[in-house]
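Notes to accompany the following structure.
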Amino acid sequence: LCKVKINVTAARPTPPTPEAKNKCTAGGEELNLSASPQSPLTFVCPNDLPLKPSETRVYDNSDGQCTNEVNLSSLVDATLSSTTQVDTLAPGDTTYTLTVRKLPPERALLCYRCAGRSASSDSFRKSRNPDDEADCLVKVTIEADPTSTSPPTTPTETPSTPTTSSA
C-alpha cells in the first residue's frame, strides 16, 4: 500500500483594485466627493480624459457651474499631486490626490474636470456649452473649520430637563 498526500491550497483572493473608487470612466459623469485633513481625496482620470485645470488651479464651484478657474490656494490650503499608472491600473490612467492641510474658514466647493478630447481646444469649447458632456466632473466639498471665527450656522443647544410621564 502506498500513501499519497495531496495538499490543495486555495487561490489567493485578488485584492480589489483601487481604480474602481472615484474614477471617471466616461464623459457626462459627475463624482460628488469630499476631502479633509484627516481624509485626503483620491480620484482617477483615465488616459483619454486628462485633468483640467492644471494641478495648482481649480474650478471654484460655489456657483455650481464648474467653470470659474482660480488658484487652488485661494480657496483652501491644499495640494493636488498626481501619479500616472504604468502597470497597475489601466496604463496611462492618472491618480490624483488632494491633500487638505487646513480646513477653510468657510465651506469650499471645488471642481475638477477629466476633460474629453472634443473639449480640448479653447475655440471649440467657447462655441459649446461649458458643461460639455464629454467632461467628467469631479466635485469636491471641503467643510468649514468648526473652530474658525465665522458665526455658527446651527443654534447652540441648551440642556433641557427630561420630561417623564408615569402611567
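The values are calculated or read from the model by the stated rules, or taken from the named source; none is laboratory data. Just so it is clear, the model here is predicted, and its values are computed rather than measured. Cβ placement follows ideal geometry from the backbone for every residue including glycine, while neighbour counts extend to all protein chains displayed.
Candidates are the residues of the stretch 67-104 that are at pLDDT below 95 and charged (D, E, K, R); the one that is nearest to the chain's Cα centre (by Cα) is D93. Restricting the stretch 132-152 to residues that are closer than 18 Å to T25 by Cβ and among the charged types (D, E, K, R), which is modelled with the highest pLDDT? Checking each candidate, the answer is K139.
Of everything listed in (1) in contact with a Cys (Cβ under 8 Å, 6 or more places away or on another chain); (2) of a type outside the set (A, V, I, L, M); (3) at pLDDT 90 or above, the single unmet condition for T25 is (3).
For the stretch 26-35, a tally of residues being of a type in the set (G, A, S) and loosely packed, with under 15 Cβ neighbours inside 10 Å returns 3. Just to be sure I understand, how many residues within the stretch 39-88 are out of contact with any helix residue (DSSP H, G or I) (no Cβ under 9 Å at 6 or more places or on another chain), acidic (D, E) and part of a loop (DSSP other than H, G, I, E, B)? The total comes to 2.
Report yes if P155 is more than 21 Å from P53 (Cβ to Cβ), at pLDDT below 50 and surrounded by fewer than 10 Cβ atoms within 10 Å (Cβ to Cβ), otherwise no. It is true that P155 is more than 21 Å from P53 (Cβ to Cβ), at pLDDT below 50 and surrounded by fewer than 10 Cβ atoms within 10 Å (Cβ to Cβ).
Determine which single condition G64 fails, assuming it passes every other condition in (1) surrounded by fewer than 14 Cβ atoms within 10 Å (Cβ to Cβ); (2) over 14 Å from the mean Cα position of the chain (by Cα); (3) at negative phi. It is condition (3) that G64 fails. R57 passes every criterion in (1) within 19 Å of D93 (Cα to Cα); (2) among the basic types (K, R); (3) at pLDDT 95 or above apart from (1). Just one of the numbered conditions (1) modelled with pLDDT of 55 or more; (2) in contact with a helix residue (DSSP H, G or I) (Cβ under 7 Å, 6 or more places away or on another chain) is not true of R107: (2). Would you say S165 is at pLDDT below 85 and out of contact with any Gly (no Cβ under 9 Å at 6 or more places or on another chain)? Criteria met by S165. Mind telling me which of the residues P50, P40 ends up being farther than 20 Å from P104 by Cβ and touching a residue at least 12 places away in the same chain (Cβ under 8 Å)? Answer to the selection: P50.
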